Structures are given as C-alpha cells and as structure tokens.
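One structure is given here, and the rest of the page talks about it.
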Ligand SMILES: NC(=O)c1ccc[n+]([C@@H]2O[C@H](COP(=O)([O-])OP(=O)(O)OC[C@H]3O[C@@H](n4cnc5c(N)ncnc54)[C@H](OP(=O)(O)O)[C@@H]3O)[C@@H](O)[C@H]2O)c1
C-alpha cells in the first residue's frame, strides 16, 4: 500500500494545511525500465510552494491530485531495470509518498560517500550546490570583502555564509530572531547577524558596513531586499537565490537605476538545476569541506509522512534552523 500526500487545492499567498490531502492507494505494476523505491528520507524545500501555484515560473506547476513533488532518498525494493537491482540506494524526485514507481532514467544511485546519507539532500546535495553557485560563482567573495546573506539560519543561507567565511570575507547574516542570530554566529561562524524584526536593524547594519556591502546573497526578496539594495558598494554583486518573503504574490521593487549604474552593480538570478552538469564536481568539493569540518550542518528531522504538510508550513514560517527533513521509513 502506498501512502501519499497529494495537492488538494492551490495556495493563495502561502501554503496551508488544506492544500494537502493524505491518501492511500495500491502500487501500480512495473513497466520495462521501471523500479519500485521504498522512500526513506524526504527533503522539504521552499520551491514546492511555487510549484503548488499556477503562476508562470521556471518550472511547470503541479496538477491538482498529483503527489506533491520532492527530492527523496530510498531503496529499490523491486526492479524491472537493467541499471538497478533490489537493495540499491537511490536519490531522485520520488515525491511525498512512501513508495515511488520510477523510470530508471529519473533516479540516480547514491554515491558512496563518507558522510551521512541525509546530507545528500542538503549540504552535499541541492542545498549546498545552490549555496556554492550563488556564493562562489556569482558573489566570488574576496578577502576582507563584506558579504551579506539573508535567511542566514536556513539551509542554503547557512552554507553560503560559511563558504564566504572560508574565503576570508567578513560575513553578516540577516535572520528572523535573536535566537537564530545567536546560532548563526556561534555555530556557523558568521561575524555578525541581525534580526530583521529588531526595530533598529537597518541603523545597526549601516554602522557595520561603512564601505557598503560587496555582495548580497539574497534568499528572501521583499522589503529586506529593498533595504539592502541601498547599501551596496561600488562594483558589488547581488545573487538572487530566492524570494521566500514574497509568498506567491508579485512584489514590484522600485529600483534606482542611476544608483545601479553609478555603482556598477551586477544583479544575477540563478537556478541550481541549470548546473546539473557540474553537480558531481561541486558536490565533491562540498564533501571535502564537510569531512574537514569546515562547514557545520544542522538538520531538523520530523517523523512520518502525515506530518510533512505541517513541517513544510513550519519551514516556510521560519520555525526551525537548518535543513528540514521527513523520516519516512
Ligand atoms: N535558486 C535556486 O536554484 C534555489 C535552490 C534552492 C533554494 N532556493 C531558495 O533559497 C531560499 C532558501 O531556501 P532553503 O531551502 O535554505 O530554506 P530555508 O532558508 O532553510 O527556510 C526558509 C526560511 O525563510 C525565512 N523566511 C520566511 N519568510 C520570510 C520573510 N517574510 N522574510 C524573511 N525571511 C523569511 C525563514 O527564516 P527566518 O526565521 O530567518 O525568517 C525560514 O526559516 C528560498 O527562497 C528558496 O526558494 C533557491
């Protein structure tokens, strides 16, 4: 029996529990080239909210009634494929369900690495590679530069900031509470962190960046982005990674083009899936850093598929630190 969470309705501004429905169904029989995977770990990621909506984006929306999309790790328990055998550990878009019938071309064997397998869904997987592309290839932090990272206690932001620290930059985080900021400084080694809920955060930041911000790694957009844009230095870079603060609405920013021109600012949006061909190369570098304990990782594990919708909403609302995962079996 497959247990799954399906998309029941579309969210308005943000996701709510009634957008999801738990369902049980039989497991379809395997065609040639297909395998049955018993899912073990499910990654919770903000992009799922975008795919729940019908608005145009870089990837098509889910249809109502579809199993909610999500990357997961599992074990092949039945195979009609020459490429996979029973017992193989695999990763792919297995979805919010306990069992997934997958085409052999849409899953990958799990690389045998000396790290916990869950990190393949986080710091050594999509999360870490996103942080790497935005920080190492768009921000390109240099010694003594000042780098700013939003959603600094989150899974992408936390790694992005640590990568900048490793390049010798001064790294300032923005996060949603004093407790998160303490975590960001004590565990992720950022130089400073400010809560965007504090009334004076912009004044404090202004004093901390007398020469401006050399790169902004932005995960949130919204009003926080507008405040930071004013503080960019000449020849600075902005990596637009995510817009979690904007929900599903269009948020139009007033950008002062004269300031962009005068300061020669580069703004670059990026999507990690455009860099699939570089996955293994970047992953290897991240694994080395993780094994050398140069990157610190925290995970919040929630038990059981039925709790995935609430855990997903909690993640969007910023209740936890680090990478959010569901243990399925
Ligand atoms: N471009 C790509 O290819 C790519 C790939 C992966 C992820 N992303 C994006 O990267 C961002 C981070 O992803 P993640 O997986 O690491 O998630 P995350 O940062 O671990 O979790 C989401 C966090 O967003 C923050 N947040 C929520 N609402 C906010 C608001 N109104 N204003 C400011 N912060 C808010 C919350 O932290 P606080 O408590 O600090 O508010 C929450 O913990 C997301 O925007 C995601 O869509 C992009």
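Is the shape of segment 187-298 rounded, prolate or oblate, going by the alpha carbon gyration tensor and its root eigenvalues a ≥ b ≥ c, with a/c under 1.5 for rounded and a/b larger than b/c for prolate? Cα axes put segment 187-298 in the prolate bin.
Extent of segment 1-71 along its three principal axes (Cα atoms, max minus min coordinate, largest first): 39, 25, 21 Å. In plain terms, the residue of 41, 201 with the fewest other Cβ atoms within 10 Å comes first and the most crowded comes last, giving 201, 41. By the count of other C-beta atoms within 10 Å, a proxy for reagent exposure, 216, 316 are ordered fewest to most as 316, 216.
You can think of it this way: the chain between residue 203 and residue 291 has 27.8 nm of extra reach, that is 0.36 nm per residue less the Cα-Cα gap. Helical content alone sets the calculated 222 nm signal of the chain at -6500 deg cm²/dmol, taking -39,500 (n - 2.57) per DSSP H segment of four or more residues and averaging over every residue.
Compared with the dominant Cα axis of the chain, that is its longest principal axis, helix 155-166 is turned about 50°. Kindly provide log₁₀ I(q)/I(0) values, in the same order as q = 0.18, 0.19 Å⁻¹, from the Debye equation applied to equal alpha-carbon scatterers of segment 43-100. Rounded to two decimals, the profile gives -0.70, -0.75. Set against the 2.2 N^0.38 Å expectation for a compact globular protein, segment 212-275 has a Cα radius of gyration ratio of 1.12. Per residue, the average separation of C-alpha pairs within less than 8 Å and at least 6 apart gives the chain a relative contact order of 18 percent. For the chain, the longest principal axis of the alpha carbon atoms and the long axis of helix 279-291 meet at an angle near 70°. From the Kirkwood radius over Cα pairs of the chain, Stokes-Einstein at 25 °C and 0.890 mPa s returns a whole-number translational diffusion coefficient of 119 µm²/s.
The Cα trace of segment 126-273 gives Rg and Dmax of 13.8, 39 Å, the first to one decimal, the second as a whole number. Ranking of 106, 233 by neighbouring Cβ atoms within 10 Å, starting from the fewest: 106, 233.
Read the figures in this text as sums done on the coordinates, not as results from a lab. Small disclaimer: the values here were computed from a predicted structure and weren't measured. Cβ sites come from the backbone with ideal geometry, for glycine too, and all protein chains shown count toward neighbours.
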